[in-house]
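For reference, the structure discussed in these notes is given below.
The values are calculated or read from the model by the stated rules, or taken from the named source; none is laboratory data. The shown structure was predicted, so the numbers you read here are calculated from the model rather than taken from an experiment. Cβ placement follows ideal geometry from the backbone for every residue including glycine, while neighbour counts extend to all protein chains displayed. Accessible surface areas use protein heavy atoms only, side chains included; no ligands, DNA or RNA. Shrake-Rupley method; radii C 1.70, N 1.55, O 1.52, S 1.80 Å.
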Amino acid sequence: MENASYLRLKNIELGYTLPETLTQRAGIARLRIYGNIQNAFTSTNFKGFDPERPTDQTSIHAFPQTRIVTVGVNLNF
């Protein structure tokens, strides 16, 4: 038996919309810059890949959760 308690931060999104006074000079109605991180952080003493994995999977079939980083820009003219 092993303690599989954990703390996980699954999703972080930060964004900023530039003020219209700055964007209208360039002919842009709205400009938003954003970033997103999925599976950002896990804190655990569990020795396996993932404390959320089903108990019927062996360690051979278990994979760690993939961290995904997305960055983007939204423009409206």
**OP:** Select from the range 53-68 the residues that are modelled with pLDDT of 75 or more and either in contact with a Cys (Cβ under 8 Å, 6 or more places away or on another chain) or surrounded by fewer than 12 Cβ atoms within 10 Å (Cβ to Cβ) (or both) and write down the one among them that is farthest from Leu7 (Cα to Cα).
**Re:** Ile68
**OP:** Being touching a residue at least 40 places away in the same chain (Cβ under 8 Å) and either within 30 Å of Arg53 (Cα to Cα) or open to solvent by 60 Å² or more (accessible area, probe 1.4 Å) (or both) is the filter here, so list the residues in the range 9-42 that pass it.
**Re:** Arg30, Ile33
